[in-house]
Every structure is written in C-alpha cells, then in structure tokens.
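The values are calculated or read from the model by the stated rules, or taken from the named source; none is laboratory data. Bear in mind that the values here come from a model prediction, so they are computed numbers and not experimental data. As a convention, Cβ positions derive from the backbone with ideal geometry for all residues, glycine included, and neighbour counts pool all protein chains shown. Quick note on the areas: whole protein, heavy atoms, side chains included, nothing else; ligands and nucleic acids left out. Shrake-Rupley method; radii C 1.70, N 1.55, O 1.52, S 1.80 Å.
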Amino acid sequence: MQDFHIIQALCRASLSNPSQAVIRQVERLRDALAKEGNKAEAKKLSSLLSSVDKTCDMAPSRIQRSKVLFSGEKLTAKTPVPVDKETSTPLAEILFPEELPNESPLLNHNVEAAIQSILSEWQHFDKLAKIEAQPARSCLIYGLPGTGKTHLALWLAKHMQMPVVLARLDGLMSSFLGTTSRNIGNLFSFSSKYRCILMLDEFDAIAKLRNDPQEVGEVKRVVNTLLQNLDARKDFGFTIGITNHETLLDPAIWRRFDVQIEIPTPSPEVLYKLIENFMAPLKFTEEEIKFLSWCIEGGSGADVKSLVQWLKKSRVLNKGDAPDLVALLQRFSVLNAGRIDPNKKNLLAHGDEDLITTLLSDKRYNFKKKEIALLMGITQSALSKKLAKHKDAGSEAAYA
Ligand SMILES: Nc1ncnc2c1ncn2[C@@H]1O[C@H](COP(=O)(O)OP(=O)(O)OP(=O)(O)O)[C@@H](O)[C@H]1O
Ligand SMILES: [Mg+2]
C-alpha cells in the first residue's frame, strides 16, 4: 500500500500518548486494512497497538488514585534540594512527571507483564487495603548495561504521576565516609518529607557488600545507614534502586526491596520492535529488519539504538547511492567492535559465502535466498553462483 509508512508513523506518534479514542481509530484502520487484504500493514498496526494496550489501562482517574498512597508535602520547582555541606553539591535532582519519558520501554513479554502487575497493585490499592495488604513500595531493577533500566524506572514514575527525586552520586559520595552517611540520611529525610518517588540509580556504588575485604569499617557504616533508611521508608512513597552489578549488592540490601526485576537483553521479537521503533521516520523492509536483528542479537536496547541511528545517518548521507545493507553492517561492525558478536563480525568481514550459508542455515530466522540477495544488492542467480562456487571450493578442500 502506497505511503503506508506515513500512516504508520502517524499512528505511532498518536499512540505515544494514547487515549481510548486514538486506540479505537487505529484499531478501525487495522481492521479495514485486513479486510481489504493488506495483511502486512494490518500486522504492523497490530504490533503498534500491542505495545500500548496495557499502558492505556492506566486511565488518568486511576493514576490520580495512586496519589493517595503518597503522603507529604508537594514538591515544586522552588523546593530547595539538600546539598553536601562540604562541597555544596546537590544530593539529588528533581524530575517532574512532564519531564519523564512517555514512550514505554519495549521489553520481553514476561517482564512487561510483571511490570504491569506493579502498576496494577497501585491502581487497585483500595482492594488490597481490604485485605490489609499494600502495593509494592520498592523495586530493584537490575540487568546488563543499556537494557533500558533507567528508562523503565522513569517511565514507571511517569505512570505513578509523582515527581522523581533522583539521587546524585557525585553529591552523595564524599571522600569522608562519615559525610556520605550523613548525606544518605539527609536524602532519605527529604524524600520522606515530600510526595515523591526516590530513585537510586547506579545503586551498587553505595550499597556494596559489607564484607568486601577491600573495604573497611566505614563502608559497613554507610551500608548500615542505607539499611536503616530503607527500613524507615518502607511505608513512604515508592523507592527504585537500579544497578548493573547486582552481585555487588549486600544481601541485606537486596532483601529490602519488595520486588526485584531483572531486565534481560531483548528477545528476537523485541529486537524487531526496537529496530522498527528507533528507525522512524525512515523505513526498513522486513528482510532488512530481520537481518539487523540477526546481526545485533545478544546486544542491549542501547546497542540497537546506536546501530539504527548509525544506519539512519548513512541512509541520509548516501541518498540514492547507498551501499547494500550487508556492506553497511560490515562498516558498522568495524566502527562498533564491542557491539557485534565476534563470530558475526568475522562472518561480515570475511567472504559473502560463509555469511550466506550461515544465514540460510539459521532456523530461527528462516532467511530465504531471495531475501539475502536483496540484502546484498545482487540477483538471486548471482547468489546461487556464489554458493555453487563455495560448495566446489569446500569439496576441493575436503579432497586436498
Ligand atoms: N528495552 C528498551 N526499550 C526502549 N528503549 C530502550 C530499551 N533499552 C534501551 N533503550 C534505549 O537505550 C538507551 C539507554 O537506555 P538506559 O539508559 O535506560 O539503559 P540502562 O539499562 O539504564 O543502562 P546503564 O546500565 O548503562 O545505566 C536509552 O535511550 C533507551 O531509551
Ligand atoms: Mg541506567
């Protein structure tokens, strides 16, 4: 369907801040397209809709109700933030809901469902109160770098419609460990005085194992201060800890969090959605997205973002004379050695034939010869010739 990519971009933009009316109209469009036989386009709209469906369950009236669970004074842009007494560095930065990301992070299905369950507890806190239970008050988010942990935490805060008190490690940590403990105490008192979500990003820096042989008595005191403050905050607002180094966390700290969510690297399905999402407003074909997913598999969302942004730049710069996608990926893998699996980097760098046979034999992606030919910018018969030559060379080598 001509110009569908513009319609898709329009739908994506309106669904980034969805209302029930917008969703209904996109559903109507999807159904009409399917009826007219435009199955691929209808499928794309379904995938856009599935990434917002659950988010929209958070109707504004319900979000407002979660405010009941937050006690304390209202934070405003004028509220003075506590500072380190020696250096005057602020201990936190305040982020108001309107500054927080609207776009939900794209996560594997089971993680998405688990996160929805936290939001659902907050929506239905009154039902929980009847059985003398309360929603989770704290959440530890951990996982490899670049998997979207900070993005997820900020998005959660957006949905709770509360300002975020984002701890600043440069302010909190002092070369005088006694000062660090005092700063932690001041940060927590501030967060419990105001209605807010306390967010401790790169949390491992202050929550290291108490029995780390490298560290001495004062560090234990810092961790103990943290434990006491986390305990005291148990009935206030919401606290989010984020770390890449969960094994460095003291087990006692670990236990203080009501829920602990591991953010995995994206599954192939999520990779596909991430690529589609980051590439807007440009468009890649199905086989291009499939090939990019194959290349970046095992990487984080941040890796996918770098790859897609790099490709977008080269598309724009090489307008009309763009090299084929395989050639572009060869370049990207040289410029981003740490972002591509070394085996795949090798395949991209050496000889098309090995790459073709590997792609054809990868059962999960199920590449067709026609698709690979398109990716390499050659005809299908040229691809078959390459393969035949490769086969002959292989058998000659076997008999040599
Ligand atoms: N699953 C995802 N969905 C959407 N965007 C993502 C995802 N993962 C990463 N990103 C994007 O990649 C960038 C880095 O993400 P973010 O900073 O949240 O990762 P992180 O896990 O906190 O990384 P680090 O451990 O290095 O702090 C952001 O621009 C973010 O939007
Ligand atoms: Mg982060």
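May I ask for the angle, rounded to the nearest 10°, between helix 217-232 and the longest principal axis of the chain, with both axes built from Cα atoms and the value confined to 0 to 90°? For 217-232 against the chain, the angle is about 80 degrees.
Spatially, the stretch 80-95 and the stretch 114-157 are offset by 27 Å when compared through their Cα centroids.
How much area per residue is accessible in the stretch 266-399 when the probe is 1.4 Å and only protein heavy atoms are counted (Å²)?
I get 53 Å² per residue for this part.
Placing a pseudo-label 7 Å from each Cα along the Cα-to-Cβ vector at Lys78 and Lys43 gives an inter-label distance of 5.7 nm.
Can you tell me the mean projection area, over all orientations, of the convex hull of the stretch 199-320's alpha carbons? Units nm², please.
One quarter of the hull surface, i.e. the mean projection, equals 10.9 nm².
The helix-only estimate of mean residue ellipticity at 222 nm for the chain, built from DSSP H runs of length n ≥ 4 each weighted as -39500 (n - 2.57), is -17500 deg cm²/dmol after division by the residue total. Multiplying the residue separation of Glu269 and Lys312 by 0.36 nm and removing their Cα-Cα distance gives an extension gain of 13.4 nm. Remark: relative contact order (the chain) = 15 percent; criterion is Cα-Cα distance under 8 angstrom and separation of 6 or more residues.
Evaluated with a Cβ-only charge set (Lys, Arg +1; Asp, Glu -1), the stretch 1-56 carries a dipole of roughly 120 debye about its Cα centre, given to the nearest 20.
In what sequence, highest mean first, do 243-255, 161-173 appear when ranked by Cβ atoms within 10 angstrom?
My ranking of the peptides, most packed first, is 161-173, 243-255.
Note on Glu218/Asp324: beta-carbon distance plugged into 1/(1 + (r/R0)^6) with R0 of 60 Å gives a FRET efficiency of 0.55.
Calculated on C-alpha atoms, the gyration radius of the chain divided by its Kirkwood radius gives an Rg/Rh of 1.05.
Take Arg364, project a point 7 Å from its Cα along the Cβ direction, then tell me which residues of the stretch 283-308 have their backbone nitrogen under 12 Å from it. The answer is 293-299, whose backbone nitrogens lie closer than 12 Å to the label point. When only alpha carbons of the stretch 266-399 are considered, Rg and Dmax amount to 15.1, 52 Å. Taking the accessible area of the chain, probe 1.4 Å, and keeping the other protein chains in place, the carbon and sulfur fraction comes to 54%. The distance between label points at Leu248 and Asn110 comes to 2.7 nm (points 7 Å beyond Cα on the Cα→Cβ vector).
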